[in-house]
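Working notes for the structure below.
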Amino acid sequence: MSVPLLSAKGLTVRHGQLTALHGIDLDLAPGEVFAVVGANGAGKSTLLRTLAGLHPPGGRIRLEDVDITGLSPHERVRRGLVMVPEGRRLFRSLSVAENILLGTVCGRRGGWDLDRVLELFPWMRDRRRERVDHLSGGEQQQVAIGRALVANPRVLLLDEISLGLAPVVVRQIYRTLPTLLEGDTSILLVEQDVRQALRAASRFQCLLEGRTTLAGRPGDHTAEEVEAAYFGFAGTATA
Amino acid sequence: MTEMATREGAADESPAAPSQVSGVRIRRSTRSSRLAIAPALIVLAVLAYLPFLFAQDTTNTMVNFFILLVLGMTWNVLAGYAGLVSVGQQAFLGAGAYSVLWLAQQGMDPLAALPVAAVFCGVVAIPVSWLVFRLRGGYFAIGTWAVAEVFALVTIRSSALGGGTGTNLPGLDGYDPVTLGALTYWAALAIAVLTLLGSYLMLRSRVGLALTAVRDDDHAAEGVGVRPAGAKRVVYLLAAIGAGAAGGVLAISQLNVQADNVYGVQWAAYMIFVVLIGGIGTLEGPIIGTIVFFILQQTLASHGAWYLILVGLVAVVMALWSPRGLWGIAERFGVHLFPVGYRVVHPEESQS
């Protein structure tokens with residue numbers, strides 16, 4: 001790989017006595033979808049929150065070959081590192097449109113704007129003035145994605161976008177991923193739904209208890225290998 | 001943010017984005033807000049002319065009205081938009097009153113000292129914010145109250161500022177009572193109008209949207225690039241400036257400053273009352289709440305404890321029946337005099 005768009009070296013995160021991440025390395029190439037999979041408590045969300053600047057890490061994080069380890073979350077958003085958080089985390093007293101516009105507060109200029117988000121998710125046109133707590137889980141997830149898109153991310157961090165959603169809604173959301181890659185965006189997604197994640201990603205990394213247990217391309221590993229790395233049943237394999 | 005900053009600029013309605021794929025636009029005003037502009041200007045003109053129409057007793061009452069209105073509006077922005085439920089804004093009310101007193105003792109005209117006192121309160125709020133922003137929720141509320149008590153205790157220890165018994169405000173001998181009453185009234189009116197305009201402009205700006213996000217979920221707001229601490233600090237400083245200016249007017253209107261009065265926790269109760277009655281999280285709410293409070297006060301003050309019981313009862317009934325306050329009822333019918341939200345309008349809607 002040439003210079004990665006986003007790279008993390010030796011990321012270590014501690015929550016008090018507990019070490020949530022043990023020296024994780026990760027490289028994201030321009031224009032790729034990269035999946036981080038793992039069971040509950042594997043450290044996936046901690047990894048994403050650390051990349052977004054919400055946890056201070058040990059190790060280094062570089063975006064477009066610039067060290068951003070010490071940058072605050074809003075400075076990272078300004079540089080194009082934008083997260084769709086687990087559980088959507090929408091702002092309940094704001095309307096659909098206001099939630100999306102909030103993404104422009106610190107975001108970059110670029111091809112994504114409110115118009116384009118309304119084109120991507122046409123249902124929002126008629127419901128743009130509704131408060132977001134009136135929406136279904138899938139609709140809320142799409143608002144959260146729209147909010148991140150108008151910040152014109154270089155790297156879009158998607159945290160458990162399938163969580164709590166019906167399979168048909170999850171498929172619908174995953175179908176939009178190729179559109180999100182248009183322009184210069186790359187996607188780093190974190191998922192418990194391994195099958196869905198590996199279908200969407202060109203490369204993946206499996207975490208277990210804060211350590212990488214498997215990494216590579218989805219086609220390079222059997223389902224058994226992935227399962228073993230996911231649950232820690234058997235010996236670990238490294239790509 | 002640059003896109004949104006452009007949208008917030010000169011035009012009330014502007015393109016949502018440069019690409020204009022489908023041409024949606026952002027509209028900030030509502031029909032009711034546009035209709036309210038002319039009546040609001042007439043009310044303002046009448047209020048400005050009031051000292052020529054009524055006796056000084058009336059204008060003195062109106063000064064107290066404006067002081068409470070300013071406190072209510074600033075507390076509303078703090079609690080209703082930034083989620084900072086402070087019980088200690090009287091710290092800045094007192095600091096403003098004592099700043100005017102100290103500046104007058106140094107030979108400055110008390111009326112000219114008002115802006116200086118307001119800015120001083122803003123400066124004092126910076127280190128105080130570092131302290132109290134370490135606390136959250138109920139701890140923040142109690143912490144701000146403790147800060148107000150510390151301010152009072154420190155002030156009482158200064159004999160130059162009158163100690164515990166207070167002292168008269170010097171520097172006003174040159175004014176005849178009628179002129180002084182009118183000038184105090186206009187100062188109070190100007191501060192109230194500036195506070196309302198300042199709050200409106202701030203809440204219409206990106207800070208307003210960011211504040212609402214922070215109030216709803218500060219961690220999520222941080223995740224989308226908002227700086228929760230920065231947004232909250234801006235509001236806290238502005239609220240301190242408003243409360244400081246109100247305290248300065250209070251000192252001038254009462255012609256003396258006493259710590260028990262200006263630092264009293266009853267001010268916090270009044271602020272909370274007018275905001276809850278009128279409607280928290282709306283700019284119109286504190287105006288309605290202050291009017292209701294003054295009507296109750298003027299009609300029931302002679303009934304002693306019954307007045308306080310009734311005021312408390314009104315607050316309880318409103319909290320149970322209409323948590324969004326009296327203005328919340330008006331909002332159900334789509335009435336917004338000071339709209340701060342973003343309304344996305346389709347081209348076909350613009351044409352209709």
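So the values come out like this:
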| read-out | value |
| --- | --- |
| Hey, residue B:101 touching a residue at least 60 places away in the same chain (Cβ under 8 Å) and either more than 26 Å from residue B:293 (Cβ to Cβ) or among the aromatic types (Phe, Trp, Tyr) (or both) or not | yes |
| Residues that are at pLDDT below 90 and either more than 7 Å from chain B (Cβ to nearest Cβ) or not in a loop (DSSP other than H, G, I, E, B) (or both), drawn from the stretch A:98-110 | A:98, A:101, A:102, A:108, A:110 |
| Flag if residue A:193 is surrounded by 15 or more Cβ atoms within 10 Å (Cβ to Cβ) and farther than 20 Å from residue A:44 by Cα | no |
| Any chance residue A:148 is modelled with pLDDT of 90 or more, of a type in the set (Gly, Ala, Ser), under 17 Å from residue A:183 (Cβ atoms) and buried (at least 24 other Cβ atoms within 10 Å of the Cβ) | yes |
| Residues that are without any contact (Cβ under 8 Å) to a residue 24 or more places away in the chain and surrounded by fewer than 16 Cβ atoms within 10 Å (Cβ to Cβ), drawn from the stretch B:164-185 | B:173, B:174, B:176, B:179 |
| Residue in the stretch A:117-124 that is outside any loop (DSSP other than H, G, I, E, B), touching a residue at least 24 places away in the same chain (Cβ under 8 Å) and closer than 18 Å to residue A:158 by Cβ present | yes |
| Residue ID - surrounded by the fewest Cβ atoms within 10 Å (Cβ to Cβ), chosen from residues in the stretch A:24-41 that are more than 15 Å from the chain's Cα centre (by Cα) and of a type outside the set (Asp, Glu) | A:40 |
| The stretch A:71-85: number of residues that are touching a strand residue (DSSP E or B) at 6+ places or on another chain (Cβ under 9 Å), in a loop (DSSP other than H, G, I, E, B) and either more than 7 Å from chain B (Cβ to nearest Cβ) or surrounded by fewer than 22 Cβ atoms within 10 Å (Cβ to Cβ) (or both) | 2 |
| Options B:267, B:327, B:306: the member that is under 20 Å from residue B:243 (Cβ atoms), among the hydrophobic types (A, V, I, L, M, F, W, C) and part of a helix (DSSP H, G or I) | B:267 |
| Per-region count, the stretch B:221-279, residues crowded, with 22+ Cβ neighbours inside 10 Å, among the hydrophobic types (A, V, I, L, M, F, W, C) and within 30 Å of residue A:150 (Cβ to Cβ) | 5 |
| Per-region count, the stretch A:86-114, residues surrounded by fewer than 21 Cβ atoms within 10 Å (Cβ to Cβ) and without any contact (Cβ under 8 Å) to a residue 24 or more places away in the chain | 0 |
| Residue match in the stretch A:45-58 (condition: free of Cβ contacts under 8 Å to residues at least 40 places away in the same chain, farther than 24 Å from residue A:146 by Cα and either touching a helix residue (DSSP H, G or I) at 6+ places or on another chain (Cβ under 7 Å) or surrounded by 17 or more Cβ atoms within 10 Å (Cβ to Cβ) (or both)) | no |
| Residue that is farthest from the other protein chains (Cβ to nearest Cβ) [pool: residues in the stretch B:199-235 that are assigned to a helix (DSSP H, G or I) and of a type in the set (Asp, Glu)] | B:218 |
| Candidate set from the stretch B:21-80 (those that are of a type in the set (Ser, Thr, Tyr) and outside any helix (DSSP H, G or I)); member that is farthest from residue B:178 (Cα to Cα) | B:22 |
| Contacts under 9 angstrom Cβ, first residue in the stretch B:140-159 being in contact (Cβ under 8 Å) with a residue 12 or more places away in the chain and closer than 12 Å to residue B:264 by Cα, partner in a helix (DSSP H, G or I) and of a type in the set (D, E, K, R), 6 or more apart | B:152/B:260 |
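The values are calculated or read from the model by the stated rules, or taken from the named source; none is laboratory data. Only a predicted model underlies this, so the values are computations on that prediction, with no experimental measurement involved. No Cβ is skipped: glycine too gets one built from the backbone with ideal geometry, and neighbour counts run over all protein chains shown.
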